């Protein structure tokens, strides 16, 4: 096992607010003190995150560079035998002649990177762009930093520009030094929530990986956010990145006590300054450690997640706590101990970085103003010279292979004590719905259920039900279980050893299938067949889902399981073929036909669209002559799991008992929520403009047993759930998947600064 290294870094952010550049190197006094480097080396640091920032070296013109300050500092580091990890922009948007939304940002930074590499060809470790995702959020989504934009298109553009800048910069650097390593940093936490805002937590937890996912070339069809970026017209850029990725050599995890968040729709529990929201729901946004019981998984949890996701060596590249001295020591020691435990478990953690060696200025305002607020670091710079604190002695002991015996370390940090709870506790095991994407039953509990379809409504709902019922599960996406690839299927079944597999993946866009019938058939029929055959060969149970669209609607009565299929559109044909192929490949497989999902935890459904539009006072049109059996997702997943546990096989119909037209369904929802039913305009299905032909009358019934409650009962519970959340759940999100603003991404006003 490679010994854990101590790395260091002074807070070197150079961000822009309006026309002003705020330079932490100047504020800390390090600009004028080269002897600080001797103090850093005296701690035993092996490497130092250090600035060679574009804004500092070429502030006025890209072809005019001032190397004097950097030359002196890097020469001193080299003589001290401390490896620099050079950063080129650190929460910045470049010099005045560019910005994060400028198409010249990426090639401009690459030119700077090439010049720096030629100047210092002996430097091996690089971080061209620090925290691309965080910088894009604060600059182009929340508008705190230059160019002060609050727009989701701008946010994704800023992120992609920084990723491209990193790829091009590393190409230029490696042209000089082929052994150069990319150490890519990003703030990594996790978001928890009440069920009413699970959509926001789920989105946040997908988005947190995007810097690394993009660099690894993983944002391709099947990635949870690929379709979202495609709707912004960015699929071409995603393809270019995926075709020429630049995976980090080290994943640099920056983690703070504020990195893990808790979102709660019950605003009355929190003070006004903690309240924020998105376009569809208001919620409080607080530090998870201040409310969750048991406490969040913390640094150890996110490091393990990062290793499981990427299998790339890790480093803790920022660890800092703006608190009293003993609490700073406890936080740093905990990070060191966590890294050591992970190493013992076989996770390659290279280092822990003592960040903010000289402290930091004005992070309490997210660097939006210079108010003189100072958080002490390893050295206190408020006197004539930097003064080493007790943290310095502890770090020197850890770097030397020992441990600190300072008596203040005997106690636990506040985040481990009851005083951490500032708000009414929320019990994480029952109140927070976000499923763990990579969870395995503990030894002795048994084999898990493998769920394919991590990005979809059904996959997440199944995982949440498993979580609630304490059924061990693994929720996988296409990267870990690709139904188009038999080898991927075999590898997943071998790795996870499930007792049953649930196929909740596949093509879901009914109208798009008309123009892409082959792709839809491959995803829904052939992929399902491959998975079923692999399960049959290993005697593993298999559950799949089909649709009411396998019928033509001409029966004049509700359809039962034994009725012959005769689909009218490409999507229905793919599901009918899936039923036939799966049955042939796996005689013991279970196939569930269902229809018209609605759920208080899912923004992509007809009911959510109805509530949002009517709540806004807008008229809607719905088919009066197309009759279906709507299905309440919580009922569906519980019944499906019951059948799977029972060992049932064959085709089952699972839909809530009842039959309504789409227009009548809308009126039922509106009536229960006191919305204006006069805004609902019934019309013929032919007027809806659907590319895919729909059957006119396809309610589902069952000859095997009516396992789901009545539709009236389900609608009552649905309305009650919305009322309990004061209409502040994701049902208010847009149903139109073509509108880029469909999902919430507005800034949360209560998103706080680092500790």
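Points worth noting:
- Residue match in segment 274-281 (condition: over 30 Å from residue 316 (Cβ atoms), at pLDDT 95 or above and in the same structural domain as residue 170 (by TED's automatic domain parsing)): no
- Selection status of residue 462, modelled with pLDDT under 95, surrounded by 23 or more Cβ atoms within 10 Å (Cβ to Cβ) and either out of contact with any helix residue (DSSP H, G or I) (no Cβ under 6 Å at 6 or more places or on another chain) or over 19 Å from residue 592 (Cα atoms) (or both): no
- Test result for residue 185, modelled with pLDDT of 95 or more, in the same structural domain as residue 256 (by TED's automatic domain parsing), crowded, with 23+ Cβ neighbours inside 10 Å and assigned to a helix (DSSP H, G or I): no
- Evaluated against (1) in a helix (DSSP H, G or I); (2) crowded, with 23+ Cβ neighbours inside 10 Å; (3) without any contact (Cβ under 8 Å) to a residue 24 or more places away in the chain, residue 230 falls short on exactly one condition, (2).
- Within the set 572, 588, the sole residue that is within 18 Å of residue 698 (Cα to Cα) and in the same structural domain as residue 643 (by TED's automatic domain parsing) turns out to be 572.
- Some residue of segment 228-246 being touching a strand residue (DSSP E or B) at 6+ places or on another chain (Cβ under 9 Å) and over 27 Å from residue 363 (Cβ atoms): yes
- Of the residues making up segment 644-671, those that are out of contact with any strand residue (DSSP E or B) (no Cβ under 6 Å at 6 or more places or on another chain) and in a helix (DSSP H, G or I) are 645, 646, 664, 665, 668, 669, 670, 671.
- The strands (runs of 3 or more DSSP E) located wholly in segment 240-283 include none with 3 or more residues which are touching a helix residue (DSSP H, G or I) at 6+ places or on another chain (Cβ under 6 Å), surrounded by fewer than 23 Cβ atoms within 10 Å (Cβ to Cβ) and in contact (Cβ under 8 Å) with a residue 40 or more places away in the chain.
- Among the residues examined, residue 377 qualifies as outside any helix (DSSP H, G or I) and surrounded by 15 or more Cβ atoms within 10 Å (Cβ to Cβ).
- Given (1) part of a helix (DSSP H, G or I); (2) more than 18 Å from the chain's Cα centre (by Cα); (3) closer than 30 Å to residue 277 by Cα, number of the condition residue 163 does not satisfy: (2)
- Checklist (1) modelled with pLDDT of 95 or more; (2) outside any helix (DSSP H, G or I); (3) surrounded by fewer than 20 Cβ atoms within 10 Å (Cβ to Cβ) applied to residue 218, failing item: (3)
- Search result, residues across segment 287-321 that are part of a loop (DSSP other than H, G, I, E, B) and either under 19 Å from the mean Cα position of the chain (by Cα) or on the phi > 0 side of the Ramachandran plot (or both): 296, 297, 311, 312
- Only one of the numbered conditions (1) crowded, with 24+ Cβ neighbours inside 10 Å; (2) within 17 Å of residue 504 (Cα to Cα) is not met by residue 643, and that is (1).
- Test: residue 340 is surrounded by fewer than 18 Cβ atoms within 10 Å (Cβ to Cβ) and in a loop (DSSP other than H, G, I, E, B): no
A quick yes/no check of all residues on (1) over 26 Å from residue 316 (Cβ atoms); (2) out of contact with any helix residue (DSSP H, G or I) (no Cβ under 8 Å at 6 or more places or on another chain); (3) surrounded by fewer than 23 Cβ atoms within 10 Å (Cβ to Cβ):
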{"residue": "62", "(1), (2), (3)": "yes, no, yes"}
{"residue": "65", "(1), (2), (3)": "yes, no, yes"}
{"residue": "76", "(1), (2), (3)": "no, no, yes"}
{"residue": "79", "(1), (2), (3)": "yes, yes, yes"}
{"residue": "101", "(1), (2), (3)": "yes, no, yes"}
{"residue": "104", "(1), (2), (3)": "yes, yes, yes"}
{"residue": "121", "(1), (2), (3)": "yes, no, yes"}
{"residue": "134", "(1), (2), (3)": "no, yes, yes"}
{"residue": "145", "(1), (2), (3)": "no, no, no"}
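- Residues that are under 28 Å from the mean Cα position of the chain (by Cα) and in contact (Cβ under 8 Å) with a residue 24 or more places away in the chain number at least 1 in the following helices (runs of 4 or more DSSP H) confined to segment 507-622: 517-521, 527-537, 606-615.
- Sole exception among (1) assigned to a helix (DSSP H, G or I); (2) in contact (Cβ under 8 Å) with a residue 40 or more places away in the chain for residue 352, by number: (1)
- Just one of the listed residues (491, 484, 463) is assigned to a helix (DSSP H, G or I), without any contact (Cβ under 8 Å) to a residue 60 or more places away in the chain and within 24 Å of residue 585 (Cα to Cα), and it is 491.
- Matching entry among 578, 621 (being in contact with a strand residue (DSSP E or B) (Cβ under 9 Å, 6 or more places away or on another chain), outside the structural domain of residue 265 (by TED's automatic domain parsing) and closer than 30 Å to residue 683 by Cα): 621
The values are calculated or read from the model by the stated rules, or taken from the named source; none is laboratory data. Everything quoted here is computed from the prediction, not taken from an experiment. Backbone-built Cβ (ideal geometry, glycine too); neighbour counts: all protein chains shown.
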